[in-house]
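The values are calculated or read from the model by the stated rules, or taken from the named source; none is laboratory data. Note that the structure is a prediction, hence the values are computed from the model and not measured. Heads up, the Cβs are rebuilt from the backbone with ideal geometry, glycines too, and the neighbour counts pull from every protein chain shown. Heavy atoms of the whole protein, side chains included, go into the accessibility calculation; ligands, DNA and RNA do not. Shrake-Rupley method; radii C 1.70, N 1.55, O 1.52, S 1.80 Å.
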Amino acid sequence: MDRQTKTTTELIVIVMDEVGLHEELDEIKGVTIRKTGRRDPEAANWDAVFETLQYSKDNRPIPMPITHPLADQIVQKLLSQYERLLSG
């Protein structure tokens, strides 16, 4: 299957739009798209790390990585559909 090429910003929007469709993922407040190395040309060239907000003792928001099985399923689906534009 040919993947559509997207910029990092476009992937962030796509991923967060998908996450937003699921109430059980409302604790996810952001996503970082990471470049991945690949040995196989068919493998994805990006991955996603989800973030939630925790608060410091002085009430400052601190982004913290979070894992969630449903969010991981969403990323796996999107990895098969989209390729990350290396310059974007």
Tell me, what is the percent relative contact order of region 5-88, built from C-alpha pairs under 8 Å that lie six or more residues apart? 36 percent
Rounded to the nearest 10 Å², the accessible area of Y82 using a 1.4 Å probe with every protein chain kept is 30 Å²
If amide H atoms are built 1.01 Å from N in the plane of the peptide, which residues on other chains or at least 5 residues away come under 5 Å of the amide H of E83? Q4, T5, K6
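Looking at the chain from every direction and averaging, what is the projected area of its Cα convex hull in nm²?
Details: hull surface 26.6 nm².
So the mean shadow area of the Cα hull is 6.6 nm².
What does the charge add up to near Q76, with Lys and Arg as +1, Asp and Glu as -1, over the other residues with Cβ less than 12 Å from its Cβ?
Values: positive: K77; negative: E18, D47, D72.
Spelling it out: positives minus negatives among the neighbours equals -2.
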Backbone HN-Hα couplings from phi across region 68-84 [Karplus 6.51/-1.76/1.60, Hz, Gly and Pro as x]: 8, x, 5, 4, 5, 5, 4, 4, 4, 5, 5, 4, 7, 9, 10, 10, 7
With angles folded into 0 to 90 degrees, how steeply does helix 8-20 sit against the dominant principal axis of the chain? Use alpha carbons for both and round to 10. 60 degrees
Can you tell me the dipole magnitude for the chain around its Cα centre, using point charges on the Cβ only (Lys, Arg +1; Asp, Glu -1), in Debye to the nearest 20? 440 debye
